[in-house]
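Worksheet: one structure, shown below.
The values are calculated or read from the model by the stated rules, or taken from the named source; none is laboratory data. Predicted, not measured: the structure shown is a model, and the values here were computed from it. Cβ atoms come from the backbone with ideal geometry, glycine included; neighbour counts cover every protein chain shown.
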Amino acid sequence: MYLKPPSGFRDFEPKDMILRKRVISALENIFLRYGYDPIETPVLEHWEVFEGKYGKEAETKLMYKFKDPWSDKWFALRFDLTVPMARFFSLKHPSLPFKRYHIGRVWRHERPQKGRYREFWQADADIVGSPYPEADAELLELSIDAMLKLGFKNFVIKLNDRRILRGIFEEKLALKNDIEIYRVIDKLDKIGYDGVRVELNKLGLNKRAVDKILEIISREYNVTDNINELIDEFSGNTNVEKGVSHILDIVNVLGFKRKYVTFSLNLVRGLDYYTGPVWEIVIKDIGIGSVAGGGRYDDLIEKYAGTSYPATGTSFGVERLIDAGKLTGIFKTDKITFTEIYVLSMSTKTFKISWEIARELRAKGFFVRVDLMRRSERKQREYASKKEIPILLIIGEKELSTNSVTIYVRKTGERLTIARDELIEFLRKLNKDLYYDK
């Protein structure tokens, strides 16, 4: 009854973890290329760290929050990696710009469905200290490179700036409580325009305001051309002008990679701490939602440090990426082991030398298994075949007497015997596609 994990939590067998490690490794490689350094924060934080940072719905319905029976203090599991980073920065005061990445688990009490789980992994990159568009542009370019490295091509980055909507809502339409309006707009993909209209009506907005909001968020603009129409339409609106100018500066820095970016006025992102440009990455035609997203949060760190620090960041949903990769055929769980070589001992007489050979190979960086079950030759062969281990090294009495090794290459069916002192060099010369990526 209790052998299955709770709803929204999952076990991962080796073939799943091999794929996950490859995806995470690819993301980490991109982060390192762009000069980001790793940090780690606890999975558990004082509740006060999170309180008032995400919004009412997240903090009352989605966070795993509990009272410690021994200390009577309130704690919560990480909801994302951004707020813990803000606390970390405020405590450590690293030099600026602070560029960090963090890959780890987070928890949200959501309704489990495809691409949405209660325990999942995020891979974040953040920059603290730069208020300039080139910081946001670097994160978008990093994101584009990461998607391409993972094998995705049919994706788009939806880009907006909250200041544009703030300027329209507050200055043009004289609306207050724009955070509540953002939360409703953020549900557009789930509930559609009719659902957004119903939710906006619940906020007490009049028909004229609701109609205008829906008209605004339904617009489509090209990031390189007609986005300037907004400045003309809302001439003198400081927030609109700042938001549009920031987006245009980002796009100019991106150069030819701007082809992956589109401007979407209905993009707001649901978390309360965003203050400027926001973005999401969507893979077209798979209906799985965004696989990554981020934005600028210039006011968040001040809540901990007492001093304002401009900050911006992006976050990849590892689960969403994997689910999307499987749907599009980019990712497969066809690798079931990292092991490259199985050393098969034909008898008890050859076990010692087999163990020594395995030790030598491991010391040279190969991934090696030996028999630990005292199985027969046939059973060892069956096991190595079932695990799809690419190379079989066979050590029998003939090999023992001639100080040689018989090698079987599974992919080609080739079988040959070589001197033991030539083994390492021979294995290194074998075609690399026989091995799994390390």
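Taking region 294-349, which residues are in contact with a strand residue (DSSP E or B) (Cβ under 8 Å, 6 or more places away or on another chain) and of a type in the set (D, E, K, R)?
R296, D298, E319, R320, E340 - these are the residues of region 294-349 that are in contact with a strand residue (DSSP E or B) (Cβ under 8 Å, 6 or more places away or on another chain) and of a type in the set (D, E, K, R).
Which one of the conditions (1) at pLDDT below 95; (2) outside any loop (DSSP other than H, G, I, E, B); (3) not small (G, A, S) does T314 fail to meet, given that it meets all the rest?
Single failed check for T314: (1).
What tally of residues in region 13-43 results from selecting those that are among the aliphatic types (A, V, I, L, M) and surrounded by fewer than 16 Cβ atoms within 10 Å (Cβ to Cβ)?
In the first step, residues of region 13-43 are kept if they are among the aliphatic types (A, V, I, L, M); the result is 17-19, 23-24, 26-27, 30, 32, 39, 43.
Imposing the further condition that a residue be surrounded by fewer than 16 Cβ atoms within 10 Å (Cβ to Cβ) reduces the set to 17, 32, 43.
Residues flagged as among the aliphatic types (A, V, I, L, M) and surrounded by fewer than 16 Cβ atoms within 10 Å (Cβ to Cβ) within region 13-43 amount to 3.
Just give me the residues in region 352-389 being more than 19 Å from I418 (Cα to Cα), among the hydrophobic types (A, V, I, L, M, F, W, C) and surrounded by 14 or more Cβ atoms within 10 Å (Cβ to Cβ), in sequence order.
Selection gives F367, V370, A384, I389.
Counting just the residues of region 92-148 that are of a type in the set (G, A, S) and within 14 Å of the chain's Cα centre (by Cα), which one comes out surrounded by the fewest Cβ atoms within 10 Å (Cβ to Cβ)?
Start the filter on region 92-148 by keeping residues that are of a type in the set (G, A, S), which leaves 95, 104, 115, 123, 125, 129-130, 135, 137, 143, 146.
Cutting the leftovers down to within 14 Å of the chain's Cα centre (by Cα) gives us 104, 115, 123, 125, 143, 146.
On the way: G104: 17, G115: 20, A123: 24, A125: 27, S143: 25, A146: 26.
By that ranking, first place goes to G104.
Taking the residues in region 221-256 that are under 27 Å from the mean Cα position of the chain (by Cα) and of a type in the set (A, V, I, L, M) as candidates, determine which candidate is nearest to Y132 (Cα to Cα).
I250
Being surrounded by fewer than 17 Cβ atoms within 10 Å (Cβ to Cβ) and either farther than 22 Å from E134 by Cβ or among the acidic types (D, E) (or both) is the filter here, so list the residues in region 304-313 that pass it.
Those that are surrounded by fewer than 17 Cβ atoms within 10 Å (Cβ to Cβ) and either farther than 22 Å from E134 by Cβ or among the acidic types (D, E) (or both): A305, G306, T307.
So how many residues does region 254-305 have that are part of a loop (DSSP other than H, G, I, E, B) and of a type in the set (S, T, Y)? It would help to see each step written out before you state the result.
Pass one, region 254-305, residues part of a loop (DSSP other than H, G, I, E, B): 265-276, 284-289, 297-301.
After this cut, where a residue has to be of a type in the set (S, T, Y) as well, the list is 273-275, 297.
Residues flagged as part of a loop (DSSP other than H, G, I, E, B) and of a type in the set (S, T, Y) within region 254-305 amount to 4.
Among the residues of region 1-34, which ones are in contact with a helix residue (DSSP H, G or I) (Cβ under 9 Å, 6 or more places away or on another chain) and in a loop (DSSP other than H, G, I, E, B)?
Correct list: R10, F12, Y34.
Scan region 320-333 residue by residue and report those that are in contact with a helix residue (DSSP H, G or I) (Cβ under 9 Å, 6 or more places away or on another chain) and not hydrophobic (A, V, I, L, M, F, W, C).
G325, K326, K332, T333
This table checks each residue for (1) more than 23 Å from A137 (Cα to Cα); (2) touching a helix residue (DSSP H, G or I) at 6+ places or on another chain (Cβ under 6 Å); (3) of a type in the set (F, W, Y); (4) assigned to a helix (DSSP H, G or I).
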site	(1), (2), (3), (4)
L165	no, no, no, yes
F169	yes, yes, yes, yes
I179	yes, no, no, yes
V184	yes, yes, no, yes
L200	yes, yes, no, yes
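Here is a check on your reading of the model: is V268 within 25 Å of the chain's Cα centre (by Cα) and surrounded by fewer than 20 Cβ atoms within 10 Å (Cβ to Cβ)?
For V268, the condition - within 25 Å of the chain's Cα centre (by Cα) and surrounded by fewer than 20 Cβ atoms within 10 Å (Cβ to Cβ) - is not met.
Determine which member of the set N222, N160 is polar (S, T, N, Q) and either buried (at least 19 other Cβ atoms within 10 Å of the Cβ) or modelled with pLDDT of 90 or more (or both).
Numbers: N222 fails: either buried (at least 19 other Cβ atoms within 10 Å of the Cβ) or modelled with pLDDT of 90 or more (or both).
So the residue among N222, N160 that is polar (S, T, N, Q) and either buried (at least 19 other Cβ atoms within 10 Å of the Cβ) or modelled with pLDDT of 90 or more (or both) is N160.
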